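Chemist: Sending over a structure as structure tokens; questions will come in a sec.
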Amino acid sequence: MTALSADPAAVSAAAEYDTLSVDLAGRAYDILIGEGLLARAGALSRPVLRQPRVVIVTDSHVAPLHLQTVEESYRAAGIEVSSVIVPAGEGSKKFDRLQALLDDLLDSRIERRTALVALGGGVIGDLTGFAAAILLRGIDFIQIPTTLLAQVDSSVGGKTGINTRHGKNLVGAFHQPRLVLADTGVLDTLPHRELLAGYAEVVKYGLLGDAGFFAWLEANGSALIAGDREKRRHAVRLSCAAKAAIVARDEKETGDRALLNLGHTFGHALEAETGFGEMLLHGEGVAIGMVMAFDLSARLGLCPAEDAARARRHLQDVGLRVSPLEVAGRQHWSVDKLLGHMAKDKKVADGKITFILVRGIGKAFITQDVDVQAVRDMLATSIEG
């Protein structure tokens, strides 16, 4: 992964918004990053719409905060708009909620040229994007992510899907949005825990491929979390640029794109054991999972122990959990159950679990050649203290 400038001065603070492009042949789209974009969503979306009509899909937490602003922006741009509100939370990423959403959208008599607008966090983006991928055999959608995690990760790249009892995101489709509007001003409305969970995905980009960005986060992460607007915008921009570059090279995750799953194989297993609920948010699972990936890499002699300690220390310093033992309400973990969840991961090939390991900060790689006993030993240490 090519390192990007870690100097906020490289982006003009006076710029109205930053524009990045996801370069996919015939399906390229822009990511706009800045403040005040929700109020301009209609005008900014209009050029990519095939029909002056959208249906906004949002959730019960986001709707009271932002739905009216976005609806009014579309109406002001001469675009017909209606909305569907689903229950907030990971529980909406399942078949029955997808079915209810599809029925609501079909009841509204949408057409193939109608676009959906995903207004919310990663759950809404994944659910709405999957609905768009299968409704009428595929319609357009726009991402308006309202969480840090969604802005830097799930809204970019076209991964959509829902969860099943077998694991996270095991049913879905690659379906690219037509536009992503990342309004960094809305991050002020996030609960602190949600902001921290999103920050874990920001750190991921430094740990997997940009040591300079990770060093910048070590120096500036606390200010970013505390509310520094320019630092937030800069972090979102670099994170999106990193992901856009990888997606352009490997849209369907047949190679390098799997690097973006650093921490996720372990994190998803932890999420599955806690029921994909409030006990462990996705970004919190990723933070713990990244620490596990670094610890395993160090155990295998692949990564300097000081790099593993440095990754753990930064995540801990900003207030993220770094161990399964820190998951409030969880009394017991099982190595066998965690391995069972990992064996159902989407990246399993020929019966082997795919791991994203590291040779140091900014040096992630993909492998299936990992001693299972070493994984068991690392997991046992992690869950027993």
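The values are calculated or read from the model by the stated rules, or taken from the named source; none is laboratory data. For clarity, every value in this text was computed on a predicted model and none was experimentally measured. Don't worry about glycine lacking a Cβ; one is built from the backbone with ideal geometry, like all the others, and counts go over all protein chains shown. Each accessible area value is taken on the protein alone, full model and side chains, heavy atoms only, with ligands, DNA and RNA left out. Shrake-Rupley method; radii C 1.70, N 1.55, O 1.52, S 1.80 Å.
Chemist: Using the Cα centre of region 86-229 as the reference point, and only Cβ charges (+1 on K/R, -1 on D/E), how large is the resulting charge dipole? Debye, rounded to the nearest 20.
Modeler: Value, rounded to 20: 480 debye.
Chemist: Would you mind calculating the gained length between ALA25 and VAL48 on full extension (0.36 nm times residue separation, minus the Cα-Cα distance), in nm to one decimal?
Modeler: Difference between extended and current length: 6.7 nm.
Chemist: Under the classification rounded if a/c is under 1.5, otherwise prolate if a/b is larger than b/c and oblate if not, where does region 121-201 fall, given a ≥ b ≥ c as square roots of the Cα gyration tensor eigenvalues?
Modeler: Oblate shape, in that a/c is at least 1.5 and b/c is the bigger or equal ratio.
Chemist: Rounded if a/c is under 1.5, else prolate if a/b beats b/c, else oblate: with a ≥ b ≥ c from the C-alpha gyration tensor eigenvalues square-rooted, which is region 202-277?
Modeler: Taking the square roots of the gyration eigenvalues as a ≥ b ≥ c, region 202-277 is oblate.
Chemist: On average, how much accessible surface per residue is there in the chain, in Å², for a 1.4 Å probe, leaving out ligands, DNA and RNA?
Modeler: Counting only protein heavy atoms, the per-residue value for the chain is 39 Å².
Chemist: Taking the Cα centre of each part, how many Å lie between region 236-270 and region 26-64?
Modeler: 23 Å
Chemist: Among 320-326, 131-137, 209-215, 364-370, what's the highest-first ranking by average C-beta atoms within 10 angstrom per residue?
Modeler: 209-215, 320-326, 131-137, 364-370
Chemist: Could you order the peptides 198-206, 291-299 from most to least packed, using the average number of other C-beta atoms within 10 Å per residue?
Modeler: 198-206, 291-299
Chemist: Dipole size in debye (nearest 20) for region 309-385 around its Cα centre, Lys and Arg Cβ +1, Asp and Glu Cβ -1?
Modeler: It comes to approximately 300 debye.
Chemist: If you don't mind, there's one more thing I want to ask. Which of rounded, prolate or oblate describes region 14-165 when judged by the alpha-carbon gyration tensor and an a/c cut-off of 1.5?
Modeler: rounded
Chemist: Right, another one. Report the label-to-label distance for LYS337 and ARG137 in nanometres (one decimal), using points 7 Å from each Cα along the Cα→Cβ vector.
Modeler: It is 4.5 nm.
Chemist: Let me ask something additional. Under a cut-off of 14 Å between alpha-carbon atoms, report the aspartates and glutamates in cross-link reach of LYS346, not counting same-chain residues fewer than 8 places apart.
Modeler: The reachable aspartates and glutamates, counting only those whose Cα sits under 14 Å from LYS346, are GLU253.
Chemist: Name the lysines eligible as straight-distance cross-link partners of LYS344: C-alpha to C-alpha under 29 Å, and not fewer than 8 places from it in the same chain.
Modeler: LYS93, LYS94, LYS159, LYS168, LYS204, LYS243, LYS252, LYS352, LYS363
Chemist: Related question: How large a share of the accessible area of the chain, in percent, is made up of carbon and sulfur atoms when the probe is 1.4 Å and the other protein chains stay in place?
Modeler: The computed percentage sits at 49.
Chemist: Would you be so kind as to identify which of VAL70, HIS332, ALA305 lies farthest towards the positive end of the dipole of the chain, taking Lys and Arg as +1 and Asp and Glu as -1 on Cβ and the Cα centre as origin?
Modeler: VAL70
Chemist: Same structure again: For the chain, calculate the relative contact order in percent as a whole number, restricting contacts to Cα pairs under 8 Å that are 6 or more residues apart.
Modeler: The normalised contact order for the chain reaches 16 percent.
Chemist: State to the nearest 20 debye the size of the charge dipole of the chain about its Cα centre, where the only charges are +1 on K and R beta carbons and -1 on D and E beta carbons.
Modeler: Working: 42 positive and 47 negative charges, 145 e Å.
Using only the charged Cβ atoms, the result is roughly 700 debye.
Chemist: How many angstrom separate the Cα center of region 73-126 from the Cα center of region 286-303?
Modeler: 38 Å
Chemist: If packing is taken as the average number of other Cβ atoms within 10 Å across a peptide's residues, how do 328-336, 266-274, 355-363 rank, most packed first? Before the final figure, lay out each step's value.
Modeler: Values: 328-336: 10.9, 266-274: 25.0, 355-363: 21.1.
Final packing ranking: 266-274, 355-363, 328-336.
Chemist: Could I ask something else about it? Express in nm, to one decimal, how much length is gained between SER60 and ALA226 on full extension, taking 0.36 nm for each residue of separation and deducting their alpha carbon distance.
Modeler: Working: separation 166, 0.36 × 166 = 59.76 nm, distance 2.58 nm.
Residue separation times 0.36 nm, minus the Cα-Cα distance, leaves 57.2 nm.
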